[in-house]
Amino acid sequence: MEGGAWVPSDLTPEECQELENIRRRKQELLADIQRLKDEIAEVTNEIENLGSTEERKNMQRNKQVAMGRKKFNMDPKKGIQFLIENDLLKNTCEDIAQFLYKGEGLNKTAIGDYLGERDEFNIQVLHAFVELHEFTDLNLVQALRQFLWSFRLPGEAQKIDRMMEAFAQRYCQCNPGVFQSTDTCYVLSFAIIMLNTSLHNPNVKDKPTAERFIAMNRGINDGGDLPEELLRNLYESIKNEPFKIPEDDGNDLTHTFFNPDREGWLLKLGECWQPDGCSLSRVCSGPGTGLNHGCDAHGLPAPGSVEHSPAKG
């Protein structure tokens with residue numbers, strides 16, 4: 001026995017020394033293995049802690065984002081400010097527009113209210129938001145369906161005006177040559193939304209025909225007429241399927257222009273659905289409907305050139 005380890009008696013001194021060296025090396029290797037095990041355990045623990053930390057950070061971030069969305073739905077400006085202050089949103093019109101465009105967990109009415117504000121920054125966000133829509137090769141009704149699905153039109157006249165101007169500019173940018181000017185697209189878009197109301201709101205008894213719709217849109221293409229086939233296709237599309245907005249309140253666009261604020265806004269354009277048909281150059285608001293049968297025709301003001309207070313029914 002040497003150092004407590006058994007040594008065969010028939011070994012030479014050199015063999016005994018070699019055996020001792022082997023045993024010593026074995027102990028060193030076992031110590032190295034244990035050290036590696038300890039290091040692996042330590043690294044594994046650090047990774048697990050790191051994962052838990054990241055998970056906690058993500059959970060905290062998700063909670064803050066959810067809180068920001070709730071705040072936005074109650075007060076859009078305060079919600080945006082909360083998200084910016086907590087580094088959940090960059091204070092740029094592009095980043096905010098992308099947030100609104102995705103719309104996850106956001107109330108469509110709140111989105112519309114924010115986009116319709118007259119502050120310069122909000123207007124920049126509106127244009128960035130509209131730029132995210134791709135209208136190429138869509139007819140006007142298809143483009144309006146996409147646009148009006150992404151938010152809910154506010155009731156204020158001037159807000160609607162700004163939003164529809166931005167829409168018309170984007171549509172014409174995506175579809176050059178369809179209309180002579182953005183004004184044509186702007187006016188026809190309103191005519192389509194009014195048509196939607198007239199055809200699908202049960203309170204409107206006098207439903208316009210395709211011929212009447214065509215007649216009322218004469219001369220709006222910089223003084224020229226739009227192709228009758230185009231107008232007829234737009235009419236049939238709205239007749240077969242009204243605009244819909246995903247909202248918890250159950251309302252849809254069959255009630256657009258069916259309240260005093262929106263009626264007042266129609267005064268700006270000044271048109272009416274007349275039984276004998278007149279060009280879309282003047283919109284007159286009637287009691288309770290926004291559609292009157294007794295107006296005369298006047299020149300259409302350029303979009304944004306006339307400001308007024310919404311009429312009170």
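Tabulated values for the structure
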| quantity | calculated |
| --- | --- |
| Hull shadow area, averaged, segment 100-191 [alpha-carbon convex hull, nm²] | 5.6 |
| For segment 2-155, accessible area per residue (1.4 Å probe, heavy atoms of protein chains only), Å² | 64 |
| Ranking by accessible area, most exposed first, for His200, His127 with a 1.4 Å probe | His127, His200 |
| Spatial separation of Cα centroids for segment 111-137 and segment 222-238, in angstrom | 27 |
| Under-5 Å amide H pairs with Asn221, H placed in peptide plane, nonlocal only | Leu226 |
| Set Lys159/Lys239; Lys205/Lys244; Lys102/Lys207; Lys78/Lys239 screened for pairs whose C-alpha atoms are more than 29 Å apart | Lys102/Lys207; Lys78/Lys239 |
| Apportionment of accessible area to carbon and sulfur, segment 39-125, percent (1.4 Å) | 49 |
| Whole-number percent relative contact order across segment 1-123, with pairs defined as alpha carbons under 8 Å at least 6 apart | 15 |
| Segment 94-161: GluC sites (Glu not before Pro) in DSSP coil with no more than 13 other Cβ atoms inside 10 Å | Glu104, Glu134 |
| Protection-proxy order for peptides 178-190, 68-80, each taking the mean of Cβ atoms within 10 Å per residue, highest first | 178-190, 68-80 |
| Mean separation of Cα contacts under 8 Å (6+ apart) over length of segment 103-166, as relative contact order % | 49 |
| Kirkwood estimate for segment 9-130, i.e. one over the average of 1/r between Cα atoms, Å | 19.3 |
| Derived scalar couplings ³J(HN,Hα) [segment 166-179; Karplus, 6.51 cos²θ - 1.76 cosθ + 1.60; whole Hz; x for Gly, Pro] | 4, 4, 4, 4, 5, 4, 5, 5, 6, 10, x, x, 5, 10 |
| Segment 126-174: equivalent-ellipsoid semi-axes (sqrt of 5 x gyration tensor eigenvalues, Cα, Å) | 18, 11, 9 |
| Using a Förster distance of 30 Å, the FRET efficiency for Gln64-Gln124 (Cβ separation, nearest 0.05) | 0.75 |
| Other-chain or far-sequence residues with amide H under 5 Å of Val7's (modelled H) | Glu2 |
| Computed lengthening from Arg56 to Asn86, 0.36 nm per intervening residue step minus Cα-Cα distance | 9.2 nm |
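The values are calculated or read from the model by the stated rules, or taken from the named source; none is laboratory data. Owing to the predicted nature of the structure, the values given are computational and were not obtained by experimental measurement. Heads up, the Cβs are rebuilt from the backbone with ideal geometry, glycines too, and the neighbour counts pull from every protein chain shown. Surface accessibility is based on the protein's heavy atoms, side chains included, excluding ligands, DNA and RNA. Shrake-Rupley method; radii C 1.70, N 1.55, O 1.52, S 1.80 Å.
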